[in-house]
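Reviewing the structure listed below.
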Amino acid sequence: MVVWTDQERAIIDNIFSNLDYEDVGSKALIRCLIVYPWTQRYFSSFGNLYNAEAIRNNPNVAKHGVTVLHGLDRALKNMDNIKEEYKKLSERAALREAARRPRQLCSLTA
């Protein structure tokens, strides 16, 4: 586990307290998807990601970028227990994903 000094905490807090999450979050994910196109496979439900212009104009990308940045903010507010905080976040995401997928029937064979 990382042990943060008071000075490190103050620096990190200062950086994030000055961010415009709406602006930076969306731009960060847009850049990620354009610069690292293989990451697009994780966002197939977002619709058109065929080129840089489509990515820039995709409202799902912008919205999710803000969500990701708020997820980082949660970690910053729980710096002493980031692992547990992200565990909760991961569990909620898994439940949302399971709810979105159609139920699949299993056939039992004897």
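By the gyration tensor of its Cα atoms, with a ≥ b ≥ c the square roots of the eigenvalues, what is the shape of the chain: rounded for a/c under 1.5, prolate for a/b over b/c, or oblate?
Oblate.
From zero outward in steps of 10 Å, how is the percent of C-alpha pairs of region 22-85 spread across the bins?
Values per bin, smallest distances first: 23, 46, 23, 8, 0.
For the chain, modelled as a Gaussian network with Cα springs under 10 Å, which listed residue fluctuates most, ILE34, ILE55, ILE15?
Its mean-square fluctuation being the largest, the pick is ILE15.
Give me the percent relative contact order of region 22-85, please, defined on Cα pairs under 8 angstrom at least 6 residues apart.
38 percent
If the elastic network links every pair of Cα atoms under 10 Å, which of GLU85, GLU53, GLU22 fluctuates the most in the Gaussian network model of the chain?
Looking only at GLU85, GLU53, GLU22, the largest GNM fluctuation is found for GLU53.
Every number here is computed from the coordinates shown, using simple stated rules; none is lab data. Worth saying up front: this structure is predicted, and the values here are computed from it rather than measured.
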